[in-house]
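Read through the structure below, which is laid out as C-alpha cells, and then see the notes.
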Amino acid sequence: MPRGWPAEAAVIDPAVRQLWLYRALFVGLAAALMFAKLLPLGAAAGAWPGPDILLCVLFAWVMRRPDTLPVLLITAVILAEDLILMRPPGLWAAIVVVASEFLRSRVALTRELTFVVEWMLVAGLMLAMVLAYRLAHMIAFVGQPALGFQLIQTFWTILCYPAVVGALRLGLAFHKPAQGEIDSRGRRL
Amino acid sequence: VARPRTGPDEFSRPLRRVLVALLVLALVGLFLLWRIDSPRVERFRAGLVDAVVPNLDWALVPVTKAAAMIEDFQSYARIHEQNQELKRELQQMKAWKEAALQLEQQNARLLDLNQVRLDPRLTHVTGVVLADSGSPFRQSVLLNVGARDGLRDGWATMDGIGLVGRISGVGERTARVILVTDSTSRIPVTVQPSGQRALLSGDNSPLPPLEFVEDADEVRPGDRVVTSGDGGMFPAGLLVGQVALGTDRRLRVILAADYQRLEFLRVLRSHALDPITDTGGLIAPPLGPMPEARAEVDPGAAAGTSPAPAGGDVGEGGSGDAEGLASGGGGD
C-alpha cells in the first residue's frame, strides 16, 4: 500500500487513479499471458520452449516506471504464476523479486544507459536468474529439465525484450525517467 | 511539489530493504516447505487451480475451438489426397476388422473355457481437457472432472486408444493428469510378445525411453508395449505404444495415444489404492532377533519380503462375462 497519501486524495486524485490503473493493467497483462500459456493447443513434449514475455514486461516496467509497480504486486503475480504453472512454489518468485529489486535500486544508473547496454544488462540478469534457479533445484535435489532446453527459453526471452520495450513505449508511452522528473507523489524518480 | 532531499524516503529506504529481505525469505521458506512436505502444498495448489481455471472455461473453450477450426480449415486444402489415402486405408481396415472379429470370438471362447472372471470394477469416467500445464518443462493437462466425480490420485487415464498418463492432484472440479512424457512419470510396462518387463520413464521428449529392460536383445522395434500392472498402480494390459529405436540407440516407445490432440480422456476407475501412510522400511536382509534363533526365523521372514507372484483373478461362475463378450462379438 502506498504510504503518505495526502488527505485530499479522498476525492480521487487523477495521479492516484492513474497509479491504480497502471497496477490493474499489469495484473491484467500477466493474467492474459498466463491464459495464453494455459490454452491446450498442442504444446507437445519436446517442442521448443517459447519466451517468458511476463519477465520482459516486468523488467522493462521496473526500469521505466518503478513507482507504479510495488514489490508486493510483483510477488503476488509471480507466486500465482508459480502455483498455476506447476513450478516449485516460491522459488522463481523469490528470484524475480531479488532481480527486480536489483534493477529498482539502480534506476539512477539505468536511466543513463543506452538501450543496447540496458539490453545487455537485462540479458546478463536473466542468465544469472536461470543459473540461480537451477542451482537451487540442484541443492534441493529437485528434478529439472536439461540446461540447454532451459537456456533456449532464456535466449528467446532476451530476444523478445526489445519488442516488449517497443510495445510498452507505443502502447503506454513508457519511457525512462529523465533527469529531474518527479512521480505522482512529487518524489524525484 | 518536489520534496526536500531529506524527505521520509531517505528514512524508509533501509526499512524497505529489510521488508524485501523478509519477503524473499518467506518465499524461499515456501519453497522449502514444498520440498519437505510436498503433498500439503500440492493440495493447496490443486485447490487454487480448481478455484481459478474452471472460471476461465468460457474463454478457454472458444479460443481452443477456434484454433482447432483454423487447423481443420488448413487440412481442407489437401482433402482430395486425404480422401484417396483414407479409401486405401479403409480397404486394409476391412480385412483387419474381419480378423479382429474372429479373434474376439475365439478369445471369448477361450476365456469361457478357462473360467476367467473379468474385473467388473473397471469402469471409466470421461473428462474434457481444460488446460495445459502452461510450461514447456512440464507435461500435464487439466481435466474438468474431479473429486465430485469420484476421482482419486493414481488412476490411469487413456484416450480412445492408448495410455495417456495418471491422475496426480485432484481438486473438487478438476484433476491434473501427469502425461507419460513428463520427466517425473515412471510406468511399469511389459513388452509383447517377448514378455520382457521394463519401466517407461518420461524424459520430456515425444518418445519416452524404456529403462531397466531385463534383456534388451529380446525386444525389437515394432513390439507392442502394454502396462504390466506391477506395483498395483495400473490395471495390466492397457496399450501404451510400440517400441522404436531412437536416434541415440536407446529403446523408445512411440505412444499409441494421439498426443497432438488430447481432447476427451477417459479415467479408469481402478481399485482403491492402498494409501501410503509410513515412510517404508529399508530394503535389507531381515535380521533375526538373536543369532542362535536365526535359523528358524529366516525362512518365514524371507517369504514375507519376496514379491508375491502376480496372478489373474481366477474364480468360478465367471462365464457370464465371457458369454456376453462372445454374443457381443457375434452380433456385430
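The values are calculated or read from the model by the stated rules, or taken from the named source; none is laboratory data. Everything numeric here is computed off the predicted structure, so don't read it as measured data. Using ideal geometry, Cβ is built from the backbone for each residue, glycine included, and neighbour counts are taken over all protein chains shown.
Scanning the stretch B:48-96 for residues that are at pLDDT below 80, under 30 Å from A:Ala80 (Cβ atoms) and among the polar types (S, T, N, Q) turns up just one, B:Thr64.
Here B:Asn204 meets each of (1) without any contact (Cβ under 8 Å) to a residue 24 or more places away in the chain; (2) touching a Pro at 6+ places or on another chain (Cβ under 9 Å) with one exception, condition (1). Going through (1) touching a residue at least 24 places away in the same chain (Cβ under 8 Å); (2) within 11 Å of chain A (Cβ to nearest Cβ); (3) assigned to a loop (DSSP other than H, G, I, E, B) one by one, B:Ser194 falls short only on (2).
Residue by residue, here is whether (1) in contact with a Ser or Thr (Cβ under 8 Å, 6 or more places away or on another chain); (2) on the phi > 0 side of the Ramachandran plot; (3) of a type in the set (Phe, Trp, Tyr); (4) surrounded by 11 or more Cβ atoms within 10 Å (Cβ to Cβ) holds:
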| residue | (1), (2), (3), (4) |
| --- | --- |
| B:Val49 | yes, no, no, yes |
| B:Ala59 | no, no, no, yes |
| B:Phe73 | no, no, yes, no |
| B:Tyr76 | no, no, yes, no |
| B:Ile79 | no, no, no, no |
| B:Ala95 | no, no, no, no |
| B:Glu98 | no, no, no, no |
| B:Gln105 | no, no, no, yes |
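Only one of the listed residues (B:Leu238, B:Leu251, B:Leu265, B:Leu210) is aliphatic (A, V, I, L, M), buried (at least 18 other Cβ atoms within 10 Å of the Cβ) and within 13 Å of chain A (Cβ to nearest Cβ). That residue is B:Leu265.
Which residue is farthest from the chain's Cα centre (by Cα), if the candidates are limited to the stretch B:214-234 and must be among the small types (Gly, Ala, Ser) and outside any helix (DSSP H, G or I)? Ranking the candidates gives B:Gly222 first. Restricting B:Arg17, B:Arg13, B:Arg45 to those that are surrounded by fewer than 13 Cβ atoms within 10 Å (Cβ to Cβ) and modelled with pLDDT of 85 or more reduces the list to B:Arg17. Tell me, please, whether a residue that is within 30 Å of B:Trp58 (Cα to Cα), more than 14 Å from chain A (Cβ to nearest Cβ) and either in a loop (DSSP other than H, G, I, E, B) or of a type in the set (S, T, N, Q) (or both) can be found in the stretch B:100-119. Within the stretch B:100-119, none of the residues are within 30 Å of B:Trp58 (Cα to Cα), more than 14 Å from chain A (Cβ to nearest Cβ) and either in a loop (DSSP other than H, G, I, E, B) or of a type in the set (S, T, N, Q) (or both).
For (1) in a loop (DSSP other than H, G, I, E, B); (2) crowded, with 16+ Cβ neighbours inside 10 Å; (3) away from every other protein chain (no Cβ under 14 Å), each residue gets a yes or a no:
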{"residue": "B:Gly127", "(1), (2), (3)": "no, yes, no"}
{"residue": "B:Val145", "(1), (2), (3)": "yes, yes, yes"}
{"residue": "B:Arg166", "(1), (2), (3)": "no, yes, yes"}
{"residue": "B:Glu172", "(1), (2), (3)": "yes, no, yes"}
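For the stretch A:101-121, the criterion of being under 18 Å from B:Ser133 (Cβ atoms), aliphatic (A, V, I, L, M) and either modelled with pLDDT of 90 or more or out of contact with any helix residue (DSSP H, G or I) (no Cβ under 7 Å at 6 or more places or on another chain) (or both) is met by none of the residues. In the set A:Arg64, A:Arg87, A:Arg111, which member is under 30 Å from B:Arg261 (Cβ atoms), surrounded by 14 or more Cβ atoms within 10 Å (Cβ to Cβ) and of a type in the set (Lys, Arg)? Among A:Arg64, A:Arg87, A:Arg111, only A:Arg87 is under 30 Å from B:Arg261 (Cβ atoms), surrounded by 14 or more Cβ atoms within 10 Å (Cβ to Cβ) and of a type in the set (Lys, Arg). Counting only helices (runs of 4 or more DSSP H) that fall entirely inside the stretch A:73-178 and contain at least 1 residues that are closer than 27 Å to A:Leu38 by Cβ and within 14 Å of chain B (Cβ to nearest Cβ), the qualifying elements are A:91-104, A:115-139, A:147-172.
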